[in-house]
Amino acid sequence: MKKLFRSFVRQKELWIISLIALTWVFIFCYIPMAGNIISFFEYYPGDSIFECKFVGLKYFRDLFALPGILKVLRNTLVISSLGLTIGFVTPIIFALLLNELQNRFFKRFIQTISYMPYFVSWVVVASIMFTVLGTDGIINGALTGIGVIDKSIVFLNEKSMFWGILTVANIWKGMGWSAIIYISAITGVDHELYDAGSVDGLGRFGKAWHITLPGIAPTVVLLFILGIGGILNAGFEQQLLLGNALTKDVYEVIDTFVYRYGIQLGRYSFSTAVGLMKSVFGFALVILANKISGKVADMRIF
Amino acid sequence: MKKRAISVIVVLVLVISAFSGCGKGNNTEEGNASTADPTSAASTETPGETKEANEFGWVVPDETLTITVYAGEGDQEEFLADVDGGKAVYDKWLLDTMNVVIDWQLYSVSMEEKVNLMLASNDYPEVVTWLTDDLANKFIAQGKATDLTQLINTYGDNITRRMGGYLNFLREDDGSLYKLAQYWGENPNVAGQDFGARYDYWLELGESDIYKTPEEYYDTMVKILANHPTNDDGLQTYAFTSQDKTGQNFLTAMLGAYGFVNGFKVNDDGTFSHWLNTEEGLEIAKFVNKCYRNNLIEPDFLANGYEEYIAKQSSGQILGNFATWWYAWVSGHQTWAVNEGDAYNINKRFMNVSVAAEGVDMSDTSLLTSNFIGSYRCVITDKCKQPEAVLSWINWENSELGNFITGWGAPSESNVWDFAEDGTWKVDDAILDVDTKETSYHQVKAQNGAGIYMIATNCNWLKTDEYSNFDKLDSRIDRVSVYDYWPVNADGSFSNEGVNICWGYYSALPKDITLYATTFNAEDDITITKQTIADQIESDWAMMITASTEDECVALFNQSAEYCNAMGLQDLTDYYQQSYEKNKAIFGE
């Protein structure tokens, strides 16, 4: 304790600078956590928690008793995994490619263009997808034009294509934005290493592989571990907007499920229970991934 | 030591913050108001027996009556900005003539969220309206709604008279009354679920009679599509599409043609059967599937929202309207008349058509339904200092004249109506032209603040019947409600030729489905059953109607019925039936 106090005194300027942010985090991130208590009670807004009936783990059990929950878990894990693999690697590759561009103006232009979709709402993205993938859309027009198909395909009605379409849409929307942090990490790599690499006969691919990638590896690991923590957050708006009654079997994820069976039905305790379960599970995964990363790659975030 | 200190801090934070917002608040005093005794209201200025009512039927209080009302989701800034100037006009009239001020509050968050926050913080106004039953019940369950059981007898004569036995549906099991209906009454619309078609294209077919069954409708649309395979942009045309990503509009319309209510068939012995457990249900699925397989339904129908639906109908790509009537109204002549100006041909429009399934009489269909008590409620909360006066105001809103003023604004030369010399309610001649309705009626009404404060009033068809007397209303208009009207000739026909075309083939009569109204409590198992079955049917229906063969459609139908029955469909059916029986007993049938 004394050690902690001494450390605080020694670094008091830093603590004072951080005070507002820490207060904000405490008020808005920590205090609301106490609200998780309602997941163990049959709570109605306006009632005192003392008057609410204690139901233990009922709402956690309720989730797993709902028909179709296994499909929902499968969809959540598959969509998240696609994001954590293809969706995670794409911005890294994009950042590496962007780093290879010599013309600064062109490089900045491409970078700006690439993160613009991030600011486009999912409603607009869905509308674009409908236009592109509709029976009168560009894709069907091109495929029928070159004779690959003779009848238009209703892409968004096809279960087998939904995960792919969703992943592509997620990548298109988020790739440029996610690449910013890697581009920033790349600029931090010591340029002398590249000079040394040139002397050793490394080409552009060799430098990217042997210098740039190892240089940004801590950032990659950090983001990957944090990404694993969000594995049960597979999206929400995009599923509701791009999905339809025919693709529900493959688009329904935990968040859309809870929206319907919790929020829309006014079952706040149930919604809170699911949120708590997701957080606990995500936290456990972060700990686990961190440990594995520490043992295997000797890199950990805490 | 370090661990212990951190543990203590974490525990303290959790405990303190858990209980900090959980108190009931200091509402003991206000709570007394929830059981207000109407006879002990001497301290409040109650419009009472000793004073005469003014020309509008309202006993003007000596002290200004101010009512604070939370009215759901909306843009408060825009409301207060009063762009049309109508709020200022109506506020002035209310204050000068009635000595009443209404403090109307809107919030740009969902009403459910806001009400829950209000309840949790014990901070809500005197009146809350536009509530769902579920939300109103929260106020009642927590003792935050005023008991109106006695008050309604003393101050609510218009409400009780005009609602008749329907008021009993709002009562609790013990007969007490805590909530009022908002936007209630008989549906004034001419059309409901529609089997519509382009009128000009139908005329081209030269058929002497209009189609009367779904099968005849199908045949007609096939012929129309054959004559018009593409629209002006060269895109392939279709007969129908959807707007809800599920294709439920086809199901709803077809169930209406078979006379089902809420998805249930009422059997001869009075029992209910869910459509999935009926022969008719299978026929419906097969019919819609046939439409899909034969390219009458647009392949992208599951991707459309409302905007796309309207755009595709307007562009001439969708030539029928297998859905609710007004989609075709908005996308059809209302758009074309504006866009085409003088070149517009009156026959270029959608006609709304009612059809009855084979073997079903038109009078037994449920294409046009009316739920008298509506879906919205109003409570006078325990914060209200003068519940008697507030209820008196709501009662005035429900007098014939109060009803009309609330919906159409105060009478004046600058409004769409005024008192005639003989005391009748004469509408402005300009509103008799339907084609200029948007400017001559809706716009002028908005400039007079019409309809901005409806606390617990109705959207009833304003006509003289056993409950109401609207003899003073201008006879040149009919189907009048707080939001609309239609000009008519002396013989009762619509005076606008286009309107007669649109509705000339709609013969289904309104079916009162109030007795079928069923409510669900969030935490009840049956609510979850209802939701899971609804979700299952939503997917299954889409698969059935898009099946590539009829056999596949039938197999999917049977599979869905089997699965939903296993999920508790019979329990759900029983629940609806018990609710119906209970409603019948309440209504005294």
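The values are calculated or read from the model by the stated rules, or taken from the named source; none is laboratory data. All values reported here derive from a predicted model rather than from experimental measurement. Glycine also receives a Cβ, built like all others from the backbone with ideal geometry; neighbour counts cover every protein chain displayed. Each accessible area value is taken on the protein alone, full model and side chains, heavy atoms only, with ligands, DNA and RNA left out. Shrake-Rupley method; radii C 1.70, N 1.55, O 1.52, S 1.80 Å.
In table form, for the structure just shown:
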| quantity | calculated |
| --- | --- |
| Within 10 Å of each Cβ in A:236-248, the average number of Cβ atoms from other chains | 5 |
| Rounded accessible area per residue of the stretch A:69-296, 1.4 Å, Å² | 50 |
| Mean-position separation - Cα centroids, the stretch B:310-378 and the stretch A:79-147, in angstrom | 40 |
| Cα principal axis extents for the stretch A:69-296, largest first, Å | 64, 51, 27 |
| Placed amide H near residue B:350: partners under 5 Å, 5+ positions off or other chain | B:199, B:333 |
| Per principal axis, descending, Cα span of chain B in whole Å | 84, 75, 55 |
| Segments B:238-245, A:286-293 sorted - mean Cβ within 10 Å per residue, highest first | B:238-245, A:286-293 |
| Over the stretch A:69-296, relative contact order from alpha-carbon pairs under 8 Å, at least 6 apart, % | 30 |
| Of B:265/B:511; B:445/B:511; B:245/B:290; B:245/B:286; B:87/B:138, pairs whose Cα-Cα distance is over 21 Å | B:445/B:511; B:87/B:138 |
| Inter-part distance where the stretch B:95-114 and the stretch B:465-494 are each reduced to a Cα centre, Å | 30 |
| log₁₀ of I(q)/I(0) at q = 0.19, 0.20 Å⁻¹ - the stretch B:342-476, Debye sum with one point per alpha carbon | -1.20, -1.24 |
| Two-decimal ratio, the stretch B:472-540, of alpha-carbon radius of gyration to 2.2 N^0.38 Å | 1.88 |
| Members of the stretch A:1-16 that become less accessible by 50 Å² or more once partner protein chains are added (1.4 angstrom probe, chain alone as reference) | A:1 |
| Cβ-derived FRET efficiency at R0 45 Å, residue A:106 paired with residue A:284, nearest 0.05 | 0.50 |
| Length gained when the stretch residue B:160-residue B:268 is fully extended (0.36 nm per residue, less Cα-Cα span) | 35.5 nm |
| Protein heavy-atom accessible area occluded, B/A pair - total, 1.4 Å probe, Å² | 3500 |
| All lysines inside 29 Å of residue A:107 as judged from Cα atoms, apart from same-chain residues fewer than 8 positions distant | A:173, A:207 |
| Sites residue B:279 and residue A:198, calculated FRET efficiency, Cβ-Cβ separation with R0 51 Å, nearest 0.05 | 0.05 |
| GNM top mover of A:145, A:230, A:275 - chain A, alpha-carbon springs below 10 Å | A:145 |
| Accessible surface of the protein assembly as shown [probe 1.4 Å, protein heavy atoms]: carbon and sulfur percent | 57 |
| Rh by Kirkwood over Cα pairs, then Stokes-Einstein D for the protein assembly as shown at 1.002 mPa s and 20 °C, µm²/s | 67 |
| GNM flexibility winner over chain A from A:73, A:82, A:246 (Cα, springs under 10 Å) | A:246 |
| Other protein chain Cβ atoms within 10 Å, averaged over every residue that makes up B:72-80 | 0 |
| FRET efficiency, residue A:224 to residue B:550 (Cβ-Cβ, R0 35 Å, nearest 0.05) | 0.10 |
| Choice from A:95, A:208, A:34 with maximal GNM fluctuation in chain A (Cα, 10 Å cutoff) | A:34 |
| Sorted peptide list for B:546-553, A:218-225, criterion being average Cβ within 10 angstrom, highest first | A:218-225, B:546-553 |
| 10 Å Cβ neighbours from other chains, averaged over peptide B:231-240 | 1 |
| Potential extension, residue B:207-residue B:117 segment - 0.36 nm per residue separation minus Cα distance | 26.4 nm |
